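Asker: This structure is in structure tokens; I'll ask about it shortly.
Every read-out reported here was derived from the displayed coordinates using simple, explicitly stated rules and does not represent laboratory data. These figures come from a predicted structure and were not determined experimentally. Cβ placement follows ideal geometry from the backbone for every residue including glycine, while neighbour counts extend to all protein chains displayed.
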Amino acid sequence: MFGAMAPSMLRYLRPYFGEINVPSMRYCILTAEASPVDLLKEWSGCISNAELYGFYGPTEATIYCTYYKFNKEVANKQLNGMVSIGRAMNGLSAVIVDEEKNILKANEKGELWISGDQLTPGYWNNPEKNKESFFELKINGAPVRFYKTGDLCYIDDDGDIMYSGRLDFQAKIQGYRVELSEIEHHAREFIKGKNAIAVAFENKTGNTEIALFVEGELADTAALSAFLKSKMPYYMIPAKIITKEVFPLNTNGKTDRSMLKKLIPV
């Protein structure tokens, strides 16, 4: 038996993990968004005989282009609580690029670019978007066509890609660049595995602030705020903490951040 789903869908099953046992499953793939290591660890107990993988890939690379095999017995590579997205599949390559389109060295954070034969020729009748999304870089003296994923990553010393979030999920708060994934990581630590999403928004005075959404009930928002203050600098502390019983999902099965943003009281 084979199964594939997004982690957001798996979260809906979490209350029933104690009742789920699928020994006949042989392979399970988590895809479409970053996979929380604690969620995968719990889920692996429900599929005791299955190999569990995290797959990554944008549609422009015809869906899958990197993979990471989750190890049920030892610690897995993670960044901000999210499992590594692994390394490029056969026939593809991945590089990390800075804002000047220079390929970065190991452990240097930048944008993930993907190349390979399965890369799409481009967007239909949309030359402007093609120009923004596809570039050529010289690799060993030869031009290679790449797709800009928009994902903030670095490649570690072993060659595994560590995912830090979307470039457009960064925010500038009081002059500081903030990665929302770091806020989410510390929030999930406090709320014991529940889902948390940080969203940047513009307040009434035109300044950027952070709203933190917590899925399900939260007895004490003040305690969560105090915990975050013990972990992060003041400018990363959410101005609003909002609970929502169930997060909305988009058509790809991912948490719909744009819908959450509309729920922020300004």
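Asker: How large is the helix-only mean residue ellipticity at 222 nm for the chain, computed as the sum of -39500 (n - 2.57) over DSSP H runs with n ≥ 4, divided by its residue count, in deg cm²/dmol to the nearest 500?
Answerer: The helix contribution divided over the chain gives -5000 deg cm²/dmol.
Asker: Semi-axes of the equivalent ellipsoid for the chain, please: Cα gyration tensor eigenvalues, times 5, square-rooted, ordered largest first, whole Å.
Answerer: Those come to 30, 26, 17 Å.
Asker: Distance cut-off 23 Å, Cα to Cα: go down the list 101/262; 109/192; 194/240; 77/262; 148/229; 148/231 and report the pairs above it.
Answerer: 101/262; 109/192; 77/262; 148/229; 148/231
Asker: Relative to the present Cα-Cα distance, how much length would full extension add between residue 103 and residue 144 at 0.36 nm per residue of separation?
Answerer: Gain in length upon complete extension: 13.5 nm.
Asker: So how far, in whole Å, is the C-alpha centre of region 1-34 from the one of region 183-199?
Answerer: Here the two parts' Cα centres lie 20 Å apart.
Asker: Sketch the reach of a paramagnetic label on residue 252 as a point 7 Å from Cα along Cα-to-Cβ, and name the residues of region 125-141 whose backbone nitrogen lies under 18 Å away.
Answerer: 129-130, 132-134
Asker: Write down Rg/Rh for region 101-225, rounded to two decimals, with Rg from the C-alpha atoms and Rh from the Kirkwood relation over Cα pairs.
Answerer: Ratio of gyration radius to Kirkwood radius for region 101-225: 1.07.
Asker: A follow-up question, please. With no solvent and one point per C-alpha, what does the Debye sum give as log10 I(q)/I(0) for region 2-87 at q = 0.22 Å⁻¹?
Answerer: Log10 I(q)/I(0), no solvent term: -1.09.
Asker: Let me ask something additional. Tally Lys/Arg at +1 and Asp/Glu at -1 over every other residue whose Cβ is under 12 Å from the Cβ of residue 87; what's the total?
Answerer: -1
Asker: Still on this structure, I have one more. How do 114-121, 19-26 rank on mean C-beta neighbours within 10 Å, highest first?
Answerer: 114-121, 19-26
Asker: Can you say what percent of the DSSP beta bridges in region 2-87, counting only those with both residues inside, are antiparallel? Round to 5.
Answerer: Around 55 percent of the beta bridges assigned by DSSP in region 2-87 are antiparallel ones.
Asker: What percentages, rounded to whole numbers, describe P(r) for region 88-164 computed over all alpha carbon pairs with 5 Å bin width beginning at zero?
Answerer: 3, 15, 26, 25, 20, 8, 3, 1, 0
Asker: Packing-wise, with mean Cβ within 10 Å as the measure, how do 80-90, 102-112 rank, highest first?
Answerer: Packing order, densest peptide first, comes out as 80-90, 102-112.
Asker: Same structure, new question: Is region 174-262 rounded, prolate or oblate when judged by the Cα gyration tensor, a ≥ b ≥ c being the square roots of its eigenvalues, rounded requiring a/c under 1.5 and prolate requiring a/b larger than b/c?
Answerer: Oblate is the answer for region 174-262, as a/c is 1.5 or above yet b/c matches or exceeds a/b.
Asker: When Lys and Arg each count +1 and Asp and Glu each count -1, what net charge do the other residues less than 13 Å away from residue 161, Cβ to Cβ, add up to?
Answerer: Cβ neighbours under 13 Å give a net charge of -4.
Asker: Okay, next question. By per-residue mean of other Cβ atoms within 10 Å, what is the highest-first order of 63-75, 186-198?
Answerer: 186-198, 63-75
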